[in-house]
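Step one of this worksheet: look at the structure below.
The values are calculated or read from the model by the stated rules, or taken from the named source; none is laboratory data. Keep in mind that what you see is a predicted model, and the values were worked out from it rather than measured. Every residue, glycine as well, gets a Cβ built from its backbone with ideal geometry; the counts of neighbours run over all protein chains shown. Only protein heavy atoms, including side chains, enter the accessible area calculation; ligands, DNA and RNA are left aside. Shrake-Rupley method; radii C 1.70, N 1.55, O 1.52, S 1.80 Å.
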Amino acid sequence: MEQMKVLLNDDEMPRQWYNILADLPTPMRPPLHPGTGKPVTAEDLAPIFPMNLIEQEVSAERWIDIPDEVLQKYLIWRPTPLYRARNFEKLLNAPVKIYYKMEGNSPAGSHKPNTAIPQAYYNKAFGIKRISTETGAGQWGSALSMACQMFGLECRVFMVRVSYEQKPYRRMMMQTWGAECIPSPSTVTEAGRQVLAEHPDSPGSLGIAISEAIEDAVSRDESRYALGSVLNHVVLHQTIVGLEAQAQLKKIGVYPDVVMGCAGGGSNFAGISMPFVRDKIHGKKVRIVGAEPTSCPTMTRGPFAYDFGDLAKKTPLLPMYTLGHDYVPAPIHAGGLRYHGMAPIVSHLVHENLVEARAYHQLETFDAGVKWARTEGFIPAPETDHVIAAVVDEARRAKEEGKERVILFNWSGHGLVDMASYEAYFAGKLTPHELPDEEIQRALKAIEGFPKP
Ligand SMILES: Cc1ncc(COP(=O)(O)O)c(C=O)c1O
């Protein structure tokens with residue numbers, strides 16, 4: 001029998017997260033205070049995040065211990081299996097070996113609990129009673145709802161309206177885990193009311209929902225905001241994926257030529273790839289490739305610039321690839337990839353040519369996802385379909401070049417509550433949306449005059 005998966009025992013699960021900031025060849029630009037133009041201080045962030053997470057956000061320690069309470073919760077589904085996609089390989093008929101890290105087997109169905117659990121834990125440890133957040137596809141919102149329930153915190157989730165309507169089951173999952181889920185833009189915040197006044201039919205965006213969640217958190221006592229991607233501490237928590245993958249590949253004596261992930265805010269991609277970026281910085285030959293949608297082509301077509309993380313300009317100015325904070329991406333079905341910016345860590349690495357990016361449109365991604373389901377069985381989330389499209393592309397290149405490749409990628413989540421999007425695909429209702437140049441130029445007007453990185 002051919003080996004299909006590599007497992008780790010509970011006692012082989014990593015006990016520390018890896019922080020790439022300790023190994024960067026060139027330092028990252030700091031986030032800036034929009035008023036003063038100076039680097040933000042811990043005090044500036046204190047109304048939004050608890051201080052223990054702010055410390056992690058700016059830490060330069062290479063290894064950060066995972067608290068026992070977090071390890072204990074991780075053990076519910078971690079370590080996750082590393083699979084070899086032998087059936088998909090046969091279908092592709094290319095000189096590639098494909099390994100994937102199964103992050104769809106968490107209780108919430110994606111990689112998001114890897115950071116939801118530590119974020120709930122650190123908030124609780126700091127004395128916080130309530131967390132507000134936003135969610136695109138509903139994966140993050142459901143992960144945080146579950147984590148808040150585990151640590152006895154209240155949770156309110158602003159869900160991008162188009163996803164709220166497309167994905168009622170995610171809302172019900174949040175409810176089941178005890179959270180409140182509100183479609184965004186909503187009338188419960190000033191930020192939401194402003195958008196609705198101008199665009200009553202707004203489909204919403206992550207940028208708008210973030211504004212609402214921050215406003216909701218900072219206007220109450222003992223309440224903080226949590227972000228499911230983009231920030232350094234989120235990337236840090238997700239590195240458990242890449243560290244496990246390294247340990248698993250080591251067991252079978254394999255090292256990848258290419259490491260891939262889909263990229264919305266960048267956290268699952270960064271999570272699997274940071275330990276390999278570290279190797280690359282130290283001389284190892286490995287390519288790191290992020291896959292994004294052509295309708296929200298942040299890394300492939302946006303500039304590297306300072307921009308806000310949200311529409312209402314409540315966040316600091318972050319140094320990142322961006323399409324402009326008021327860009328509202330087309331309502332494609334991969335809701336978790338509809339974010340105008342990209343994690344500053346990932347952006348920095350793209351800028352330094354340590355990481356590459358490619359963009360794929362909806363029809364290629366669903367085509368790849370359906371092929372995957374019909375060979376490997378597991379039905380991927382529409383976000384995950386993007387990295388599968390990138391794997392198909394990589395296999396095609398390998399075939400054309402006649403060169404063998406070992407591919408490792410992050411299977412970020414299952415699509416079992418996203419079946420309406422597959423239905424739309426089968427019914428021929430999806431279009432291969434590409435963002436026109438004029439639209440990018442228009443959206444980038446929003447950052448004219450901002451400090452340049
Ligand atoms: C299954 C899945 N994959 C990927 C993403 C994209 O997020 P990130 O880039 O932070 O990993 C999401 C976001 O909701 C998701 O639900």
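Using a 1.4 Å probe on the protein chains only, how many percent of the accessible area of the stretch 91-144 belongs to carbon and sulfur?
Details: 630 of 1170 Å².
About 54 percent, which is the carbon plus sulfur part of the accessible surface.
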- Message: Based on the alpha-carbon set only, what is the convex hull volume of the stretch 307-393 divided per residue, in Å³?
- Response: 106 Å³
- Query: Tell me, what is the per residue accessible area of the chain in Å², probe radius 1.4 Å?
  - Reply: 37 Å²
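Fully extended, how many nm does the chain gain between W77 and E401 (0.36 nm per residue separation, minus their Cα-Cα distance)?
Stretched out fully, the W77 to E401 stretch lengthens by 112.7 nm.
Once the cut-off is 15 Å, how many percent of the Cα-Cα pairs in the stretch 377-437 end up in the long-distance tail?
Working: 1160 of 1830 pairs.
Cα-Cα pairs of the stretch 377-437 separated by over 15 Å account for 63 percent.
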- Task: Please report the base-10 log of the normalised intensity I(q)/I(0) for the stretch 56-137, using a Debye sum with one equal scatterer per alpha carbon and no solvent, at each q in 0.25, 0.26, 0.27 (1/Å).
- Result: -1.26, -1.29, -1.31
- Local charge sum around E165 (other residues, Cβ-Cβ under 15 Å, Lys/Arg +1, Asp/Glu -1)? +3
- Message: Give me the percent of accessible area attributable to carbon and sulfur for the stretch 275-434, probe 1.4 angstrom.
- Response: 51 percent
- Query: About the Cα centre of the stretch 65-167, what is the dipole size in debye to 20, counting +1 per Lys and Arg Cβ and -1 per Asp and Glu Cβ, all else neutral?
  - Reply: 280 debye
- Task: Return, in residue-number order, each cysteine of the chain whose C-beta is not under 4.7 Å from any other cysteine's C-beta.
- Result: C181, C262, C296
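Specify whether the C-alpha gyration tensor of the stretch 321-453 places it in the rounded, prolate or oblate class, a ≥ b ≥ c being the square roots of the eigenvalues: rounded for a/c under 1.5, otherwise prolate if a/b is larger than b/c and oblate if not.
oblate
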- Query: Excluding N9 itself, what net charge comes from residues whose Cβ is under 15 Å from its Cβ, given Lys and Arg +1 and Asp and Glu -1?
  - Reply: +1
- Of all DSSP beta bridges with both partners in the stretch 259-379, the antiparallel percent, nearest 5, is 35 percent
- Message: What's the magnitude of the charge dipole for the chain around its Cα centre, counting Lys and Arg as +1 and Asp and Glu as -1 at the beta-carbon? Answer in Debye, nearest 20.
- Response: 900 debye
- Item | Volume in Å³ per residue [convex hull over Cα atoms, computed for the stretch 350-414] | 109 Å³
- Protection-proxy order for peptides 23-34, 316-327, each taking the mean of Cβ atoms within 10 Å per residue, highest first: 316-327, 23-34
- Message: Charges on Cβ only, +1 for Lys and Arg, -1 for Asp and Glu, centred on the Cα centroid of the stretch 1-160; of Q139, L21, L92, which one is farthest towards the dipole's positive end?
- Response: L92
- Item | Rule-of-thumb Rg ratio for the chain [Cα; 2.2 N^0.38 Å; N residues] | 0.90
- Note on the structure: Using alpha carbon positions and the Kirkwood radius, the Rg to Rh ratio of the stretch 133-218 is 0.97
- Item | √(5λ) per eigenvalue of the Cα gyration tensor, the stretch 198-313, largest first, Å | 33, 18, 12
- Descending packing, highest mean Cβ count within 10 Å first, for 194-201, 205-212 is 205-212, 194-201
- Message: I'd like the Kirkwood hydrodynamic radius of the stretch 308-354, using the inverse of the mean 1/r over distinct C-alpha pairs, in Å.
- Response: 11.5 Å
- Taking the dipole about the Cα centre of the chain, with the C-beta of Lys and Arg at +1 and of Asp and Glu at -1, give me whichever of G415, A330, V218 is farthest to the positive side. G415
- Message: Charges on Cβ only, +1 for Lys and Arg, -1 for Asp and Glu, centred on the Cα centroid of the stretch 258-362; of C262, G302, G283, which one is farthest towards the dipole's positive end?
- Response: G283
- Treating the beta-carbon of each Lys and Arg as +1 and of each Asp and Glu as -1, no other charges, what is the dipole magnitude of the stretch 322-453 about its Cα centre, to the nearest 20 debye? 120 debye
- Task: Tell me the label-point distance for the pair T375, N9, using the 7 Å Cα-to-Cβ offset, in nm and rounded to one decimal.
- Result: 3.5 nm
- Query: Any idea what the alpha-carbon Rg over 2.2 N^0.38 Å comes to for the stretch 28-90?
  - Reply: 1.80
- Note on the structure: By the mean-Cβ-within-10 Å protection proxy, highest first, 88-100, 180-192 rank as 180-192, 88-100
